[in-house]
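What follows is a single structure, written as structure tokens, with notes after it.
The values are calculated or read from the model by the stated rules, or taken from the named source; none is laboratory data. It should be emphasised that the depicted structure is a prediction, and the values quoted were computed from it without experimental measurement. Cβ: placed from backbone, ideal geometry, glycine included. Neighbour counts: every protein chain shown.
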């Protein structure tokens with residue numbers, strides 16, 4: 001696994017529901033261009049400090065093309081700060097990535113590190 005991209009992201013939406021929290025983001029993420037993605041977080045404890053999630057991403061590439069991907073993984077929360085560990089599977093291309101995301105839902109600022117899983121497999 002190799003670190004391929006480090007990028008900042010902006011949190012564009014926080015949607016609190018009784019059974020889940022949805023976070024929506026956007027950012028310029030290396031070769032993927034402008035990426036729009038969301039995580040639907042489901043807590044696994046009564047304090048809502050950890051759990052699992054599913055998500056979806058869509059990109060707008062510099063050449064006008066687009067890539068879609070499914071996201072899933074686990075998360076932890078401390079106050080307004082979330083740490084999200086995502087396994088991302090691109091649809092229609094070979095890319096599969098592990099992405100480590102940190103985000104503060106108050107400042108709406110976040111960052112990510114994207115690692116290629118099978119670059120030379």
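Can you name the residue in the range 90-104 that is farther than 20 Å from residue 26 by Cβ and part of a strand (DSSP E or B) and is also nearest to the chain's Cα centre (by Cα) among such residues?
98
Does residue 71 count as within 16 Å of the chain's Cα centre (by Cα) and crowded, with 18+ Cβ neighbours inside 10 Å?
Values: within 16 Å of the chain's Cα centre (by Cα): yes; crowded, with 18+ Cβ neighbours inside 10 Å: yes.
For residue 71, the condition - within 16 Å of the chain's Cα centre (by Cα) and crowded, with 18+ Cβ neighbours inside 10 Å - is met.
Which number in (1) modelled with pLDDT of 95 or more; (2) under 13 Å from residue 112 (Cβ atoms) marks the one condition that residue 72 misses?
(2)
In the range 5-32, what count of residues is obtained for those that are part of a loop (DSSP other than H, G, I, E, B) and exposed (fewer than 12 other Cβ atoms within 10 Å of the Cβ)?
Residues meeting the conditions: 3.
Give the range 74-84 a look and list any residue that's surrounded by fewer than 18 Cβ atoms within 10 Å (Cβ to Cβ) and either touching a strand residue (DSSP E or B) at 6+ places or on another chain (Cβ under 6 Å) or part of a strand (DSSP E or B) (or both), or say none.
Passing the criteria: 74, 76, 78, 80, 81, 83.
How many residues are surrounded by fewer than 16 Cβ atoms within 10 Å (Cβ to Cβ), farther than 17 Å from residue 13 by Cβ and in contact (Cβ under 8 Å) with a residue 40 or more places away in the chain if we restrict to the range 99-117?
Residues that pass the stated criteria total 4.
If I filter the range 44-59 down to residues being farther than 24 Å from residue 91 by Cα and without any contact (Cβ under 8 Å) to a residue 24 or more places away in the chain, which single residue comes out as surrounded by the most Cβ atoms within 10 Å (Cβ to Cβ)?
Among them, the one singled out is 44.
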